[in-house]
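**Q** Take a look at this one; I'll ask things after.
The values are calculated or read from the model by the stated rules, or taken from the named source; none is laboratory data. As the structure is a prediction and not an experimental result, all values here were calculated from the model. Cβ placement follows ideal geometry from the backbone for every residue including glycine, while neighbour counts extend to all protein chains displayed.
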Amino acid sequence: MEERHHKMEKASLSIPKILEKNKLLLPYQLYQVKLDWKKIAGPQIAKYSYIQNFKKNDVIIAVLNSVWMSHLFMYKKKLIEDINAYLQRDFIHDIRFVRRGNLPVKAVYDTVRGNNDTEEVTVNIKNIVLPESSVHMIRKETSVLPDGIRDKMAQLRFMQEKRRIAYEEKGIKRCPHCGRWLHKDEKLCLICQLAERQKMKMRLYSILIQMPWLTLEDMETYGYIPEKSNVYTLLYNEVRRDCIYKYIERVHHGYDTPEDDLFLALFITRKNPSELTADFIYNLTEKYRRKEDVPSYRRKSNG
């Protein structure tokens, strides 16, 4: 039988012991490395990169653009040392850098919210008395439940109803789309904001994939997007950047088609297709191609 010591100690000391005993300490520490990337790498590097994943003894770091990817290659050894110092063990052996055009959800969330700090609202529900009609309604709703959970569910619903009353008394509003409680200065909740953002992004993509030469001014002039909209400006640049990265990757690895080459040239130059010659497209795409990767339609044997 396992011996137990009834000795009180701080949670900060006992939790790591419990995690290590159950072989969960390292996964927990790696999760903390992701959260503390800004502290480990510094605010400047963290602004343009984030830890995407861990594979065995390697860490995969996503970088927002090729300029910073080249820059981080120079700091590879130091980053490995800093991560291992944070872990207090020689665990990370190598770093793989991958290019990503956007930050993870948390950063998108900060952008959508405008980086406004929100107040944590606390409410006191002890002194709130529910109307008889509300009590009767909840009792009726929970009456169909089994005996074992009926009272517990009723008590939970009473607390929810009291909290709703307390929030409304403080002027807290619900999201008009899904009904979640809103933070200060929010008009939509986080989930609905992200859904709206994705909808706008897909709308821009559907337009640009048909007419890659359209500038932001063109899209405003033709009524595709509202004029002077900061959100659409950010999304327009993001969609174009994602499309360029996608076609560059195809060209780089040699599985592009003539249509891919054309679209890459259109996205980069924003010129009308009639303004681009075959030689111009060829010369532009060759800059991004690995020399050993030549698609079949360009091989000399095909003429």
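**Q** Would you confirm whether or not segment 166-173 contains a residue that is surrounded by 15 or more Cβ atoms within 10 Å (Cβ to Cβ) and closer than 30 Å to Ile225 by Cα?
**A** Of all residues in segment 166-173, those surrounded by 15 or more Cβ atoms within 10 Å (Cβ to Cβ) come to 166-167, 172.
Subset that is closer than 30 Å to Ile225 by Cα: none.
So far as segment 166-173 goes, no, none of its residues is surrounded by 15 or more Cβ atoms within 10 Å (Cβ to Cβ) and closer than 30 Å to Ile225 by Cα.
**Q** Right, next: Select the strands (runs of 3 or more DSSP E) contained entirely in segment 42-104, then report the ones holding at least 1 residues which are of a type in the set (Ser, Thr, Tyr).
**A** 49-55
**Q** Go through the residues of segment 264-271 one by one and say whether even a single one is modelled with pLDDT of 90 or more, surrounded by 15 or more Cβ atoms within 10 Å (Cβ to Cβ), within 22 Å of Ser206 (Cβ to Cβ) and in contact with a Cys (Cβ under 6 Å, 6 or more places away or on another chain).
**A** Among the residues of segment 264-271, at least one is modelled with pLDDT of 90 or more, surrounded by 15 or more Cβ atoms within 10 Å (Cβ to Cβ), within 22 Å of Ser206 (Cβ to Cβ) and in contact with a Cys (Cβ under 6 Å, 6 or more places away or on another chain), which makes the answer yes.
**Q** List pairs: first in segment 67-93 and of a type in the set (Phe, Trp, Tyr), second not in a helix (DSSP H, G or I), Cβ under 8 Å, 6+ apart or cross-chain?
**A** Hits for this filter: Trp68/Tyr48; Trp68/Ser49; Phe73/Phe97; Tyr86/Asp36; Phe91/Asn57.
**Q** Residues that are closer than 26 Å to Tyr288 by Cα and buried (at least 17 other Cβ atoms within 10 Å of the Cβ): does segment 32-44 have at least one?
**A** no
**Q** Another question, then. Got a number for residues in segment 202-226 being of a type outside the set (S, T, N, Q), outside any loop (DSSP other than H, G, I, E, B) and within 14 Å of Cys243 (Cβ to Cβ)?
**A** Selection size over segment 202-226: 5.
**Q** Are any residues in segment 210-244 within 14 Å of Tyr288 (Cβ to Cβ) and either small (Gly, Ala, Ser) or surrounded by fewer than 17 Cβ atoms within 10 Å (Cβ to Cβ) (or both), and if so, which ones?
**A** Listed by number, the list is empty, since nothing qualifies.
**Q** Let me ask you something else. Within segment 230-269, track down each residue that is of a type in the set (Asp, Glu) and either within 18 Å of the chain's Cα centre (by Cα) or not assigned by TED's automatic domain parsing to the domain that holds Lys199 (or both).
**A** To start, the set of residues in segment 230-269 that are of a type in the set (Asp, Glu) comprises 238, 242, 249, 256, 259-261.
Residues satisfying the conditions are Glu238, Asp242.
**Q** Further question on the same structure: Examine segment 185-194 for a residue that is on the phi < 0 side of the Ramachandran plot, crowded, with 18+ Cβ neighbours inside 10 Å and either in contact (Cβ under 8 Å) with a residue 60 or more places away in the chain or touching a strand residue (DSSP E or B) at 6+ places or on another chain (Cβ under 7 Å) (or both), and state whether such a residue exists.
**A** Yes: segment 185-194 contains one or more residues that are on the phi < 0 side of the Ramachandran plot, crowded, with 18+ Cβ neighbours inside 10 Å and either in contact (Cβ under 8 Å) with a residue 60 or more places away in the chain or touching a strand residue (DSSP E or B) at 6+ places or on another chain (Cβ under 7 Å) (or both).
**Q** Can you pull out the residues in segment 176-189 that are more than 23 Å from Ile128 (Cβ to Cβ) and in contact with a Cys (Cβ under 9 Å, 6 or more places away or on another chain)?
**A** Matches in segment 176-189: Pro176, His177, Cys178, Glu186, Lys187, Leu188, Cys189.
**Q** Next up: For residues in segment 25-58 being of a type in the set (S, T, N, Q) and closer than 13 Å to Ile83 by Cβ, which is modelled with the lowest pLDDT? Let's see the steps before the verdict.
**A** In the first step, residues of segment 25-58 are kept if they are of a type in the set (S, T, N, Q); the result is 29, 32, 44, 49, 52-53, 57.
Still in the running and closer than 13 Å to Ile83 by Cβ: 29, 32, 49, 57.
Details: Gln29: 81, Gln32: 85, Ser49: 88, Asn57: 88.
So, considering only residues that are of a type in the set (S, T, N, Q) and closer than 13 Å to Ile83 by Cβ, the one modelled with the lowest pLDDT is Gln29.
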